[in-house]
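Asker: This is the structure I have questions about; it appears just below.
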Amino acid sequence: MGCLPLERTTNFMGGNECLDSYNTVALQFNDKLKGLTIGLNKELPGIRLVFSNPYYIFMQIIRRPSMYGFSASSVACCATGMFEMGYACNRNNMFTCSDANKYVFWDSFHPTEKTNHIISDYMVKKVLFQFLS
């Protein structure tokens, strides 16, 4: 959460870097969700819940975008890439980039289709297949 373009843009005092405090909250939330998953698997023996944590692969993409074929992770494809999201983002906006595949984020909050594909592919191969084996 602390590395979203919106958060980085508003982090003037931190040199527009990621906000560690927001990332810590995301990690704590994921730890609680993992614990809940473990607890529910014990409590409900007829089901198999799987916890998949995309945090680390997402952070790796953000920190080393060129490894995944991206040219930018601190700004988004949409408009200025810093504040806009939702309806302000569309292909007809003259400021929107011509190739979203070069960006980790589509708008200041949401990952691009390419980013989502990389994360979901990783989750299926590294988490689900491991769990099912």
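The values are calculated or read from the model by the stated rules, or taken from the named source; none is laboratory data. Only a predicted model underlies this, so the values are computations on that prediction, with no experimental measurement involved. Every residue, glycine as well, gets a Cβ built from its backbone with ideal geometry; the counts of neighbours run over all protein chains shown. Each accessible area value is taken on the protein alone, full model and side chains, heavy atoms only, with ligands, DNA and RNA left out. Shrake-Rupley method; radii C 1.70, N 1.55, O 1.52, S 1.80 Å.
Asker: Quickly estimate the mean residue ellipticity at 222 nm for the chain, helices only: each DSSP H run with n ≥ 4 gives -39500 (n - 2.57), and the total goes over all residues, rounded to 500.
Answerer: Helices in the chain give a 222 nm mean residue ellipticity of -12000 deg cm²/dmol.
Asker: What percent of all Cα-Cα pairs in the chain falls into each 5 Å bin, going from 0 up to the bin containing the maximum distance?
Answerer: 2, 11, 16, 18, 18, 13, 9, 7, 4, 1, 0
Asker: Still on this structure: Quick one: pull the percentage of alpha-carbon pairs in region 22-84 with a separation above 18 Å.
Answerer: Of all Cα-Cα pairs in region 22-84, 57 percent lie more than 18 Å apart.
Asker: Below 27 Å Cα-Cα, how many Lys pairs turn up in the chain? Only count pairs eight or more apart in sequence, or on different chains, if you could.
Answerer: Summing the qualifying lysine pairs gives 14.
Asker: Here is a follow-up. Please report the carbon-and-sulfur percent of the accessible area for the chain; probe 1.4 Å, protein heavy atoms only, DNA, RNA and ligands left out.
Answerer: C and S atoms contribute 59 percent here.
Asker: For TYR103, list long-range residues whose amide hydrogen, built 1.01 Å from N in the peptide plane, is under 5 Å from its own amide hydrogen.
Answerer: Residues meeting the amide H criterion: SER71.
Asker: Per residue, how much accessible surface does region 71-114 expose to a 1.4 Å probe? Answer in Å², no decimals.
Answerer: Ligands and nucleic acids excluded, the result is 61 Å² per residue.
Asker: Continuing with the same structure: Taking K and R as +1 and D and E as -1, what net charge do the other residues with C-beta under 14 Å from the C-beta of THR37 add up to?
Answerer: Result for the neighbourhood of THR37: +2.
Asker: Quick check for me: using +1 on Lys/Arg Cβ and -1 on Asp/Glu Cβ, what's the dipole size of the chain about its Cα centre, in debye to the nearest 20?
Answerer: Value, rounded to 20: 440 debye.
Asker: Let me ask you something else. Under a Cβ-Cβ cut-off of 14 Å, what is the net charge of the residues other than SER74 that fall near it, where Lys and Arg count +1 and Asp and Glu count -1?
Answerer: Cβ neighbours under 14 Å give a net charge of +1.
Asker: Name the shape class, rounded, prolate or oblate, that the alpha-carbon gyration tensor gives for region 93-133, where a ≥ b ≥ c are the square roots of its eigenvalues, rounded holds for a/c under 1.5, and otherwise prolate holds if a/b is larger than b/c and oblate otherwise.
Answerer: prolate
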